[in-house]
1. Condition check: among the aromatic types (Phe, Trp, Tyr) and closer than 17 Å to Leu29 by Cβ. Does Phe295 satisfy that?
2. Checking the structure you have, find out if any residue of region 324-338 is outside any loop (DSSP other than H, G, I, E, B), closer than 19 Å to Gln24 by Cα and of a type in the set (A, V, I, L, M, F, W, C).
3. Provide a single number: the residues in region 58-74 that are of a type in the set (Asp, Glu) and either part of a helix (DSSP H, G or I) or in contact with a Pro (Cβ under 6 Å, 6 or more places away or on another chain) (or both).
4. Can you name every residue in region 235-283 that is part of a loop (DSSP other than H, G, I, E, B) and either in contact (Cβ under 8 Å) with a residue 60 or more places away in the chain or in contact with a helix residue (DSSP H, G or I) (Cβ under 8 Å, 6 or more places away or on another chain) (or both)?
5. What are the residues in region 32-66 that are of a type in the set (A, V, I, L, M) and farther than 16 Å from Tyr214 by Cβ, if any?
6. Tell me, please, whether a residue that is touching a Pro at 6+ places or on another chain (Cβ under 8 Å), within 18 Å of Pro156 (Cα to Cα) and within 16 Å of the ligand (Cβ to nearest atom) can be found in region 100-110.
7. In region 138-159, is there at least one residue being within 16 Å of the ligand (Cβ to nearest atom), crowded, with 17+ Cβ neighbours inside 10 Å and on the phi > 0 side of the Ramachandran plot?
Amino acid sequence: MIPLRPNIRNMTGYVPGFQPRDEQRWIKLNTNENPYPPSPRVRAAILAELGEDGASLRQYPDPPSTAAREEAARLYGFDPSWVILANGSDELLNNLIRAFAEAGEEIAYVQPSYSYYATLAEIQGARVRTFGLGEGWDLLDFPPRYEGKLFFLTNPNAPLGFSYPPAFIEELAGRVSGMLVVDEAYADFADGNALALVKKHENVVVTRTLSKSYALAGMRLGLAVARPEVIEALDKIRDHYNLDRLAQAAALAALRDQNYFRRAVEKIRTTRDWFSTELRVIGYSVIPSSGNYLFATPPDRNGRRVYDALFARHILVRHFSDPSLSHGLRISIGTREEMEATLAALKEIG
Ligand code: PMP
């Protein structure tokens, strides 16, 4: 037998949402991608970086992604020493665990939220604790002082879509003795965010992604905002060339085109709110969503049945087998036309 570390041998690994090979034939609402293309300036910037003959690719990219980092810092109102860019926000979640939790130490997150935190902890050999959600989205059994190394709060929550009140997050920052990582992958679709807390509490880190609101899931771009000591640590850990040249060009162009960004986000929010109302009309219960997806439960509370019936019609949504979620479906918000087709299919399925 090859001498693998026991926890690597025994772990299952994270399984991302199903990616059909024949994508054109599907209405794909299962991985919270953006249904619109990124800003046309992104395409132009990538082509400009590539040049006539692709010669720029001979050379390594700028290791700290300086231009994109400065643009993100300006956008969020921070000094660039408070910001880091990464190969998807997944890279930052991974490096935060590596920076703060030794093997055997504890990290925690909310159940349900993003289960990838558990996979990353397993790779590191860190222990995992979860806190359930109460009726009003309070955290069940959360101690007056949480002594673990990291607490991941997904805000807005995925897959449920609700967001936590800012005062609640601030209170948590005071109760977590390690780092509070606010995973804001979907915050651009919400009304508020936790960025202001980064300046007020030294243990708060906010992570963001360009995968959803900037429609760049295929480029792998994420960022974190935290105090310089944290950013310096994350800079030590990351691959020195973590963003390739095309990704850096894409990030800069996307962040600069705020007009395009705002319009795309607004379209998705409008479609989301319309679709929520229509689902309620046909008897679904829908959690008010601050993301680009919503969690909806059919009248018979049989999420699997509806998932299968949609699948048969080439409409892909997300069903979770976890008993606390299996009654419902997480549906990403596509174009208005895609959501009209999905609604028609749900009416037919009954
Ligand atoms: N956090 C949450 C809650 C997510 O749903 C996702 C996307 N699956 C990520 C982080 C990772 O996003 P990315 O690596 O594409 O930036």
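1. Here the answer is yes, as Phe295 does meet what is asked.
2. Looking through region 324-338, at least one residue is outside any loop (DSSP other than H, G, I, E, B), closer than 19 Å to Gln24 by Cα and of a type in the set (A, V, I, L, M, F, W, C).
3. Selection size over region 58-74: 2.
4. Arg238, Asp239, His240, Tyr241, Asn242, Leu243, Asp244, Asp257, Ile282 - these are the residues of region 235-283 that are part of a loop (DSSP other than H, G, I, E, B) and either in contact (Cβ under 8 Å) with a residue 60 or more places away in the chain or in contact with a helix residue (DSSP H, G or I) (Cβ under 8 Å, 6 or more places away or on another chain) (or both).
5. Within region 32-66, Leu47, Ala48, Leu50, Ala55, Leu57 qualify.
6. no
7. Checked against the condition, which is being within 16 Å of the ligand (Cβ to nearest atom), crowded, with 17+ Cβ neighbours inside 10 Å and on the phi > 0 side of the Ramachandran plot, region 138-159 yields no hits at all.
Matching residues to (1) buried (at least 21 other Cβ atoms within 10 Å of the Cβ); (2) in contact (Cβ under 8 Å) with a residue 12 or more places away in the chain:
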| position | (1), (2) |
| --- | --- |
| Asn302 | no, yes |
| Asp308 | no, no |
| Ala312 | no, no |
| Phe320 | no, yes |
| Ser324 | no, yes |
| Leu329 | yes, yes |
| Glu337 | no, no |
| Ala344 | no, no |
| Ile349 | no, yes |
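The values are calculated or read from the model by the stated rules, or taken from the named source; none is laboratory data. Just so it is clear, the model here is predicted, and its values are computed rather than measured. When we count neighbours, we look across all protein chains shown, and the Cβ atoms used for this are built from the backbone with ideal geometry, even at glycine.
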